[in-house]
Amino acid sequence: AARYRYRVKKEKAVRLPFAFPMSKNPFHILLAEDDLHLGLLLVDYLESEGFDVKLCKDGEKAWKAFQSGKFDLCLLDVMMPEMDGFTLAAAIRKVDQQVPVMFITARSMKDDKLKGYDLGADDYIVKPFDEEELLWKIKALVRRIPAGSPSDKQEVLQLGKYRFDVANQSLLLNGKTKRITGRECDILAYLASRQNQVVKREELLTNLWGENDYFFGRSLDVFITKIRKYLKDDPNLKIENVFGVGFVLKVE
């Protein structure tokens, strides 16, 4: 087995947590790696650099984590049980065209790299690698993310009887907190910024998915249905369909 060049720098100076550009929020990384030893080493190193890391030991668990959470970067091993990294990347790209994806793999064949880029990968690093090389690749990807992206939200909004905490992806009503997914949060925040105004489907899809197509449109409808259920306890707050046009968040 290849030996990985990970070094523990105990003499390292204390660093401030790495922050998302123009934001005080931590930078969330989804790490899919079936080598538990390597995965824990990467978690330890990246968290020492100020990142928040979610480690999943197979592709299926990583896909479930992606669907239920909100991540600013995905680091995916290629050879994993249950679901390989290429399949996972394809699934991620079907629902999110914006989140950066980097493959971490022992594969160095040209065809494998081209397949990864064809699936929408932003970068590729081959094992064994130096942890500082990985760090600089991550920082290079971070710099490409425009300020004011959906991850850069900190406000708390009042929506009817609900308090909508965008940064923490939660809805509060009568002392009870409902945690929502990152995509649900993005959609609700977008509609909330245009209360009582019609928002076109094409506008939502282009701004949140980066593309307007049939699959994303169906996904949007599913998310809207879920958000309606979350808001059902306030009869003066509802999301209405505007046939053939889009949606409007009505706040009475």
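The values are calculated or read from the model by the stated rules, or taken from the named source; none is laboratory data. These numbers were taken from a predicted model, which means no experiment stands behind them. All Cβ positions, even for glycine, are placed from backbone atoms using ideal geometry, and neighbour counts span all protein chains on display. Side chains included, ligands, DNA and RNA excluded: accessible areas come from the protein's heavy atoms. Shrake-Rupley method; radii C 1.70, N 1.55, O 1.52, S 1.80 Å.
The table below gives the values:
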quantity	calculated
Contacts under 9 angstrom Cβ, first residue in the range 148-165 being over 14 Å from LEU191 (Cα atoms) and in a loop (DSSP other than H, G, I, E, B), partner open to solvent by 40 Å² or more (accessible area, probe 1.4 Å) and modelled with pLDDT of 90 or more, 6 or more apart	SER151/HIS28; LYS161/ASN174; LYS161/ASP233; LYS161/ASN236
Out of PHE243, PHE164, sole residue that is farther than 26 Å from PRO100 by Cβ and open to solvent by 30 Å² or more (accessible area, probe 1.4 Å)	PHE243
Only one of LEU135, LEU191, LEU204 that is modelled with pLDDT of 85 or more and within 25 Å of ASP52 (Cα to Cα)	LEU135
Search result, residues across the range 103-116 that are of a type in the set (A, V, I, L, M) and either at pLDDT below 70 or surrounded by fewer than 22 Cβ atoms within 10 Å (Cβ to Cβ) (or both)	ALA106, MET109, LEU114
Residue satisfying all of: in the range 1-48; modelled with pLDDT under 70 and not in a loop (DSSP other than H, G, I, E, B); nearest to VAL156 (Cα to Cα) among these	ALA19
Pick from the range 49-85, criterion part of a helix (DSSP H, G or I) and surrounded by 21 or more Cβ atoms within 10 Å (Cβ to Cβ), ranking: nearest to the chain's Cα centre (by Cα)	PHE66
Qualifying positions in the range 86-104 - among the hydrophobic types (A, V, I, L, M, F, W, C), without any contact (Cβ under 8 Å) to a residue 60 or more places away in the chain and not in a strand (DSSP E or B)	PHE86, LEU88, ALA89, ALA90, ALA91, ILE92, VAL99
Residue match in the range 209-219 (condition: closer than 23 Å to TRP63 by Cα, open to solvent by 50 Å² or more (accessible area, probe 1.4 Å), outside any helix (DSSP H, G or I) and touching a residue at least 60 places away in the same chain (Cβ under 8 Å))	yes
